[in-house]
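FYI, it's all coordinate maths here, none of it is from the lab. All values derive from a computational prediction rather than experimental measurement. Cβ placement follows ideal geometry from the backbone for every residue including glycine, while neighbour counts extend to all protein chains displayed.
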Amino acid sequence: MPEAFVLINCELGLEKDILHSLSNLKGVEEVHLVYGVHDIIVKVKSEALEELKDIIINKIRKMNGIRSTSTLIVIEKV
C-alpha cells in the first residue's frame with residue numbers, strides 16, 4: 001500500500017484552517033502542526049500509487065493557503 005509524507009508551508013495565519021481541511025481528506029491518515037522549516041506534516045496512504053498521486057497533486061497541493069510542498073514517498077518500512 002503506497003504511502004507518503006507531505007511537508008507543507010502555509011500562508012501565515014492559515015495553518016489551523018489548513019490542518020482541519022487536510023484531516024477531512026480521504027487517504028490522509030495523520031496531520032501534524034509542527035515548528036521548524038515546515039508548518040504541517042501529512043501522512044497519506046492509498047490503495048494504488050495513482051490514487052496517492054491524485055490526492056497529493058489534485059487535493060493537497062491545490063488547497064488554498066498552501067505555499068509549497070515537499071513530498072517524500074515511502075520506499076521501505078520497518
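A DSSP coil position with no more than 11 other Cβ atoms inside 10 Å describes the following GluC sites (Glu not before Pro) in the chain: 47, 76.
Relative to the current alpha-carbon distance between residue 51 and residue 34, full extension at 0.36 nm per residue lengthens the span by 3.5 nm.
Semi-axes of the equivalent ellipsoid for the range 24-78, computed as √(5λ) from the eigenvalues of its C-alpha gyration tensor and ordered from largest down, come to 18, 15, 10 Å.
The value given for the range 1-42 is a Kirkwood hydrodynamic radius of 10.7 Å, derived from the mean inverse Cα-Cα separation. Annotation for the chain: trypsin sites (Lys or Arg not before Pro) lying in DSSP loop with at most 14 further Cβ atoms inside 10 Å of their Cβ are 26, 61, 62, 77. The relative contact order of the range 1-42 comes to 48 percent, based on Cα pairs under 8 Å that sit 6 or more residues apart.
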